[in-house]
Amino acid sequence: MENATSEIVKPHTQIFCTKLCDLIKNGISVVKEAAVTSLGTIVEKIEEEFAPYFTSTLQLLIGFLNEFHTDEYKQFRGRTIEGITLICNAVGNEVFKPLADDVIKVLLDIQNNQLAEKDAQRMYLLSSW
């Protein structure tokens, strides 16, 4: 996906998003991580054209950050933070603005209450700010 142009990706956005969100919901941890990364890459290609899928996708990803707290999901949570950051940056301020408070709230909660001393999420969280 990294080398695909937006012209290649745009016609298949709905299919990609549906499949990747399904993999994020139902896959094992490694599959979830790869799907979140792929989703971020796709949105970087199509930017504001992702707007119709933005709210539902972001709510799904924020939900996973609120749901998965155990150590085995730290890397997935980090990748989810990265994916949220890429997606929000790609769609632009106007599309992002309605959910900005939700994103900031969950990231602050992770930063203030959920980080261990040596935590895989720390790098992703620092990059997101």
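The values are calculated or read from the model by the stated rules, or taken from the named source; none is laboratory data. Here the structure is a predicted model, which means the values were calculated and not measured. FYI the Cβ positions are ideal-geometry reconstructions off the backbone, even for glycines, and counts take in every protein chain you see.
Checking Thr13, Thr57 one by one, the residue that is under 16 Å from the mean Cα position of the chain (by Cα), in a helix (DSSP H, G or I) and farther than 27 Å from Gln114 by Cβ is Thr13 and no other.
Could you look through the range 79-117, keep only residues that are small (Gly, Ala, Ser) and at pLDDT 90 or above, and pick out the one that is nearest to Ser29 (Cα to Cα)? Reasoning before the result, please.
If we filter the range 79-117 for residues that are small (Gly, Ala, Ser), which is where we start, we get 83, 90, 92, 100, 116.
Narrowing the set further to residues that are at pLDDT 90 or above leaves 83, 90, 92, 100.
Working: Gly83: 15, Ala90: 25, Gly92: 29, Ala100: 26 Å.
Checking each candidate, the answer is Gly83.
For the residues Ile62, Ile104, the requirement of being part of a helix (DSSP H, G or I), under 14 Å from the mean Cα position of the chain (by Cα) and surrounded by 15 or more Cβ atoms within 10 Å (Cβ to Cβ) singles out Ile62. Does Ala34 satisfy being closer than 23 Å to Val95 by Cα, out of contact with any Phe, Trp or Tyr (no Cβ under 9 Å at 6 or more places or on another chain) and not basic (Lys, Arg)? Against the criterion (closer than 23 Å to Val95 by Cα, out of contact with any Phe, Trp or Tyr (no Cβ under 9 Å at 6 or more places or on another chain) and not basic (Lys, Arg)), Ala34 does not qualify. The set of residues in the range 27-46 that are touching a residue at least 40 places away in the same chain (Cβ under 8 Å) and more than 14 Å from the chain's Cα centre (by Cα) comprises Ser29, Lys45, Ile46.
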